[in-house]
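A.B. asks: Would you mind keeping the following structure in view while I ask a few things?
The values are calculated or read from the model by the stated rules, or taken from the named source; none is laboratory data. This structure is a prediction, so every number in the text was calculated from the model and none was measured. Here Cβ is always computed from backbone atoms with ideal geometry, including for glycine, and neighbour counts include all displayed protein chains.
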Amino acid sequence: MTTTEVPISAAGNPIGFGRMLRKEDARFLRGKGNYVDDVNLPGMLHGAILRSPYAHARIISVDTSAAEAHPKVKAVITGKILETLKLAWMPTLSMDVQSVLCTDKVRFQGQEVAFVVAEDHYSARDALELIEVEYEPLPVVIDARKALDADAAIIRDDLEGRTDNKIYDWEAGNKEACDAVFAKADVVVTQDMVYPRSHPAPMETCGSVAYMDKVTGKLTIWTTTQAPHAHRTLYALVAGLPEQKIQVISPDIGGGFGNKVGIYPGYVCSVVGSIVTGAPVKWVEDRSENLMSTSFARDYHMHGEIAATRDGKILGLRVDVLADHGAFNGVAQPTKFPAGFVYTNKAPGGVAYACSFRITEAVYLVERIVDCLADELKIDPAELRLKNLLRPEQFPYTTPTGWEYDSGEYPRALREAMRIAGYDDLRREQAAQRGDSNAKTAMGIGISFFTEGVGAGPRKHMDILGLGMADGCELRIHPTGKAQLRISVQTQGQGHETTFAQIVSQELGIPPEDIEVIHGDTDNTPFGLGTYGSRSTPVSGAAAAVVARRIKDKARIIAAAALECAPDDLAWEQGRWYVKGDPEKGKTIQEIAFASHGNLELPEGVEGHLDATAVYNPPNLTYPFGAYICVVDVDKGTGEVKVRRFIAVDDCGPRINPMIVEGQIHGGLADGVGMALMQVIAFDESGNNLGGSFMDYLLPTSMECPSWELGETVTPSPHHPLGVKGVGESATVGSPPAVVNAVMDAIQIRHADMPLTPAAVWRAIQGHPMRPDMAIE
Ligand code: MCN
Ligand code: CUM
């Protein structure tokens, strides 16, 4: 839908879906954002964390006396103190436990050992240096492939009966059927690949301000969380605090990308700091702490096998995955993802980074190995995909691992990407270049096609520590027809204040500027599980549509009373109930709102006011998809990769705000270029993290990114009230394999692992590919 087809409000905004500037940007662009570090309370103290220099070491002693003697220090908290409060360990979101402050031994470099609370941030930092810790270094496990060796050090000896480093091993699919297919296939192509460890690196690091008011017994926590309600319940369960006395406020968040899903030791320390000192305590990590200790992603060693007929009909896929989740297992994984998970002496991993719950790794493997198959069969990779993509009539489609894809028109999306790219012309240009022995660069064309499952729910299938994935929503229409929508999810830059207002606007015809979206405060919003897995629009957005429809139904009864007719005599047009057959006679939603609060006699059983609530439990995930084409030029002398063009055709159903969707895709594509070409958190053999600053962990800038070329197809979700599917992670999921496929196509090599730095590409050209876990040269 284009904006010209949509009615425009007095403020120039579309009434309903369409392009409009983000409401929240008026605040951000003027420096009026309110982030956790902007929260300053009277008498507030400042905390800092002492972190382990070792990746694996027993703690012999911790001497805090000198730090305590520092004139500005108010408290020094250690694991031993937390033990007395039963807070030395906390649950992670995937049924593991994590040490808040170490009591027995440190398990990764940068792990939290002690917490200093002082009058100011600098004194807290200074006092860290006065703490004496005696460590006894232990052998480290850094390579996941050695984690299960018989002589590997046992990392999680805190877990009872633990004799190895296995977290769990999941199998999925039908092994016998798969083996039978492989036995009969004409061609089997096998490829090992690594998805390197990466970090979401949001602009704002993690932090919290906690205040335990001893008079009222109320704990207020301003914190960088993507899921305020889930955090509140966890604080209640873990600390044994009364939940009605806990308020979690997630103010403006400067990017999350999964980094802010989990609860970190620093958050808990700020709470304990406030309990101990009686004052509010702020803790905000610095950039290195963020890059060394919070929420890693990927670090997947994958073995893939694909079986096909000689003419390119894909018959089966077998995968064996070894996932390195560091010392503590972060966020839950869907059990239908076949993988073995191990502990290593790295910061907790497996949490998230625009990951769609592990679909990132799966898409990478599938799209890479399909290209390996194309290479083996000497079939064009676009043709091979078109031959094998699901056809529209196959939906809903149940996959061999049990997911039910809701809707899709896959070949159309790929053909659209090929049309925008001018695919045949590109291949002709490439052929001409390959015939020129003087060419200094090699051109490559890479395709990827992905499907994601996003919108976590239904509640019986997905939960966080037993909390099912449904979302509440409340809508109040004030007497003058202006509205407030209270939602349970939390934006970190996705523009919810705008798009959620547009959802209500679409349903009720109220201009979006008249609808205030309230979120991020557990005292003032209904319960729900938060923003991740691109679930806000699929789940909470559906709740907003449902609640608006409830209002619309009630408005009909009130309008009928006002117009002295039966509700059935009324018909709806945007923003107005009118009498069928007499369209002049009607009531706008604003008039109805006033009447609902006024002295109009309402029918028996109809309460006044125009408010409603809803809880939405999604029947299924939504399955957005996309087709991406990347064109690169590789310098044959230096191995440097230049991304010349990137075409992205995404299908997320109808777009509520096409501008915001395009922004989400632009960001994700940049993420993908970063991961494919630049990023890895590497470790040396002692477990030292080599990626602790932006000098080492490189973020893509506009210099590395082309001008993105976007296209779109629209396949609504049949089960979502608005037909929309999530999109927030799509481009991060889909783009890395397109870039890698393009580089492999350029240098005509079967496979080399990410990140494809100039050194890595150059070595691949020389026939000595580099491992991604080697430090970047
Ligand atoms: N949208 C739309 N039409 C659709 C689908 C979505 O207009 N058909 C809009 C939504 O209403 C919302 C935005 O696009 O404003 C993203 O929606 P959705 O796909 O529902 O994703 P979430 O809002 O749940 O955001 C989570 C997702 C995830 S999991 C990560 S990780 C990520 C991402 O969003 N982190 C981000 N995008 C990010 N963008 C920014 N700026 N910052 C982050 O931290
Ligand atoms: Cu997988 S990162 Mo997001 O789901 O917050």
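A.B. asks: Taking the range 656-675, which residues are more than 14 Å from ligand 2 (Cβ to nearest atom) and closer than 25 Å to GLN506 by Cα?
C.D. replies: Of everything in the range 656-675, those that are more than 14 Å from ligand 2 (Cβ to nearest atom) and closer than 25 Å to GLN506 by Cα turn out to be ILE656, ASN657, PRO658, MET659, ILE660, VAL661, GLU662, GLY663, ILE665.
A.B. asks: Next question, about the same structure. Filter the range 205-261 for residues that are out of contact with any strand residue (DSSP E or B) (no Cβ under 9 Å at 6 or more places or on another chain) and of a type in the set (Gly, Ala, Ser); which is farthest from ligand 2 (Cβ to nearest atom)?
C.D. replies: GLY217
A.B. asks: Let me ask another. Which ones in the range 293-316 are in a strand (DSSP E or B) and not small (Gly, Ala, Ser)?
C.D. replies: The answer is TYR300, HIS301, MET302, HIS303, GLU305, ILE306, ILE314, LEU315.
A.B. asks: May I ask you to verify whether SER288 is within 16 Å of ligand 1 (Cβ to nearest atom), polar (S, T, N, Q) and out of contact with any Leu (no Cβ under 7 Å at 6 or more places or on another chain)?
C.D. replies: The answer is no for SER288.
A.B. asks: Which condition number does PRO769 fail, the rest of (1) at pLDDT 95 or above; (2) closer than 28 Å to GLY435 by Cα; (3) touching an Asp or Glu at 6+ places or on another chain (Cβ under 8 Å) being met?
C.D. replies: Among (1) at pLDDT 95 or above; (2) closer than 28 Å to GLY435 by Cα; (3) touching an Asp or Glu at 6+ places or on another chain (Cβ under 8 Å), the lone unmet condition for PRO769 is (1).
A.B. asks: Which is among the acidic types (Asp, Glu) and either within 30 Å of SER735 (Cβ to Cβ) or modelled with pLDDT under 95 (or both), of GLU136, GLU112, GLU171?
C.D. replies: GLU171
A.B. asks: Here's another thing I want to ask about it. Spot the failing condition for ILE306; the list is (1) β-branched (Val, Ile, Thr); (2) surrounded by fewer than 24 Cβ atoms within 10 Å (Cβ to Cβ); (3) under 30 Å from ALA752 (Cα atoms), and only one is missed.
C.D. replies: (2)
A.B. asks: What number of residues in the range 418-435 are touching a strand residue (DSSP E or B) at 6+ places or on another chain (Cβ under 9 Å) and among the small types (Gly, Ala, Ser)?
C.D. replies: 1
A.B. asks: Cβ-Cβ distance below 6 Å, separation of 6 or more or different chains: which pairs start in the range 356-383 with a residue that is among the basic types (Lys, Arg) and end on one that is within 16 Å of ligand 2 (Cβ to nearest atom)?
C.D. replies: ARG358/GLN333; ARG358/PHE337
A.B. asks: I'd like the full set of residues that are touching a residue at least 60 places away in the same chain (Cβ under 8 Å), surrounded by 16 or more Cβ atoms within 10 Å (Cβ to Cβ) and part of a loop (DSSP other than H, G, I, E, B), limited to the range 388-402.
C.D. replies: Across the range 388-402, the qualifying residue is only LEU389.
A.B. asks: Check the range 693-716 and report whether any residue there is hydrophobic (A, V, I, L, M, F, W, C), buried (at least 23 other Cβ atoms within 10 Å of the Cβ), within 16 Å of ligand 1 (Cβ to nearest atom) and at pLDDT 95 or above.
C.D. replies: No, because not a single residue in the range 693-716 is hydrophobic (A, V, I, L, M, F, W, C), buried (at least 23 other Cβ atoms within 10 Å of the Cβ), within 16 Å of ligand 1 (Cβ to nearest atom) and at pLDDT 95 or above.
A.B. asks: Does at least one position in the range 694-715 carry a residue that is in contact with a helix residue (DSSP H, G or I) (Cβ under 8 Å, 6 or more places away or on another chain), within 16 Å of ligand 2 (Cβ to nearest atom) and over 30 Å from ALA439 (Cβ atoms)?
C.D. replies: Checked the range 694-715: no residue is in contact with a helix residue (DSSP H, G or I) (Cβ under 8 Å, 6 or more places away or on another chain), within 16 Å of ligand 2 (Cβ to nearest atom) and over 30 Å from ALA439 (Cβ atoms).
A.B. asks: Separate question: Out of (1) in contact (Cβ under 8 Å) with a residue 60 or more places away in the chain; (2) crowded, with 21+ Cβ neighbours inside 10 Å, the odd one out for TYR135 is which?
C.D. replies: Of everything listed in (1) in contact (Cβ under 8 Å) with a residue 60 or more places away in the chain; (2) crowded, with 21+ Cβ neighbours inside 10 Å, TYR135 misses just condition (2).
A.B. asks: Looking at this structure, is LEU570 touching a Phe, Trp or Tyr at 6+ places or on another chain (Cβ under 6 Å) and surrounded by 15 or more Cβ atoms within 10 Å (Cβ to Cβ)?
C.D. replies: Against the criterion (touching a Phe, Trp or Tyr at 6+ places or on another chain (Cβ under 6 Å) and surrounded by 15 or more Cβ atoms within 10 Å (Cβ to Cβ)), LEU570 qualifies.
A.B. asks: Out of all the residues in the range 418-440, which are part of a helix (DSSP H, G or I), free of Cβ contacts under 8 Å to residues at least 60 places away in the same chain and either in contact with a Ser or Thr (Cβ under 7 Å, 6 or more places away or on another chain) or of a type in the set (Gly, Ala, Ser) (or both)?
C.D. replies: Those that are part of a helix (DSSP H, G or I), free of Cβ contacts under 8 Å to residues at least 60 places away in the same chain and either in contact with a Ser or Thr (Cβ under 7 Å, 6 or more places away or on another chain) or of a type in the set (Gly, Ala, Ser) (or both): ALA431, ALA432.
A.B. asks: Pairs needed: first member in the range 243-261, away from ligand 1 (no atom under 16 Å from the Cβ); second member anywhere, assigned to a strand (DSSP E or B) and not β-branched (Val, Ile, Thr); C-beta distance under 6 Å; at least 6 residues apart or different chains.
C.D. replies: Filtered contacts from the range 243-261: LYS245/LYS218; ILE246/LEU219; ILE249/TRP222; ILE249/ASP521.
A.B. asks: Six or more apart or on different chains, Cβ atoms under 8 Å: show the pairs whose first residue is in the range 610-638 and under 19 Å from ARG655 (Cβ atoms) and in a loop (DSSP other than H, G, I, E, B) and whose second is modelled with pLDDT of 95 or more and away from ligand 1 (no atom under 16 Å from the Cβ).
C.D. replies: TYR623/TYR405
A.B. asks: Still on this structure: Evaluate the following for VAL268: is it in a loop (DSSP other than H, G, I, E, B), at negative phi, at pLDDT 95 or above and away from ligand 2 (no atom under 16 Å from the Cβ)?
C.D. replies: No.
A.B. asks: Working carefully through the options VAL606, VAL641, find the one that is touching a residue at least 24 places away in the same chain (Cβ under 8 Å), surrounded by 20 or more Cβ atoms within 10 Å (Cβ to Cβ) and of a type in the set (Val, Ile, Thr).
C.D. replies: VAL641
A.B. asks: Does GLU119 satisfy being among the charged types (D, E, K, R) and more than 25 Å from THR225 (Cα to Cα)?
C.D. replies: Against the criterion (among the charged types (D, E, K, R) and more than 25 Å from THR225 (Cα to Cα)), GLU119 qualifies.
A.B. asks: Here are ARG434, ARG385, ARG428: which of them is over 25 Å from VAL724 (Cβ atoms) and crowded, with 19+ Cβ neighbours inside 10 Å?
C.D. replies: Exactly one residue qualifies, and that residue is ARG385.
A.B. asks: With respect to the numbered conditions (1) touching a residue at least 24 places away in the same chain (Cβ under 8 Å); (2) part of a loop (DSSP other than H, G, I, E, B); (3) out of contact with any His (no Cβ under 7 Å at 6 or more places or on another chain); (4) crowded, with 17+ Cβ neighbours inside 10 Å, which one is the sole condition not fulfilled by ILE77?
C.D. replies: With (1) touching a residue at least 24 places away in the same chain (Cβ under 8 Å); (2) part of a loop (DSSP other than H, G, I, E, B); (3) out of contact with any His (no Cβ under 7 Å at 6 or more places or on another chain); (4) crowded, with 17+ Cβ neighbours inside 10 Å applied to ILE77, the lone miss is (2).
A.B. asks: When you go through (1) more than 16 Å from ligand 2 (Cβ to nearest atom); (2) closer than 21 Å to LEU722 by Cα; (3) part of a loop (DSSP other than H, G, I, E, B) one by one for GLY530, which number turns out not to apply?
C.D. replies: (1)
A.B. asks: I've got another one for you. Among the listed residues ALA413, ALA470, identify the single one that is modelled with pLDDT of 95 or more and under 27 Å from CYS372 (Cβ atoms).
C.D. replies: Result of the check over ALA413, ALA470: ALA413.
A.B. asks: Does any residue in the range 666-681 that is farther than 16 Å from PHE450 by Cβ and outside any helix (DSSP H, G or I) come within less than 6 Å, Cβ to Cβ, of a residue that is within 16 Å of ligand 2 (Cβ to nearest atom) and among the basic types (Lys, Arg) six or more places away or on a different chain, and which pairs are these?
C.D. replies: Partner pairs satisfying both residue conditions: ILE681/ARG197.
A.B. asks: Hey, can you tell me all the residues within the range 147-168 that are farther than 28 Å from ILE77 by Cα and either surrounded by 14 or more Cβ atoms within 10 Å (Cβ to Cβ) or modelled with pLDDT under 95 (or both)?
C.D. replies: ALA147, LEU148, ALA152, ALA153, GLY161, ARG162, THR163, ASP164, ASN165, LYS166, ILE167, TYR168
A.B. asks: So in the range 506-528, with the set limited to residues that are more than 27 Å from the chain's Cα centre (by Cα) and of a type outside the set (D, E, K, R), which one is nearest to ASP463 (Cα to Cα)?
C.D. replies: Across the range 506-528, the extreme among qualifying residues is LEU508.
A.B. asks: Among the residues of the range 50-74, which ones are small (Gly, Ala, Ser) and not in a helix (DSSP H, G or I)?
C.D. replies: Of everything in the range 50-74, those that are small (Gly, Ala, Ser) and not in a helix (DSSP H, G or I) turn out to be SER52, ALA55, ALA57, SER61.
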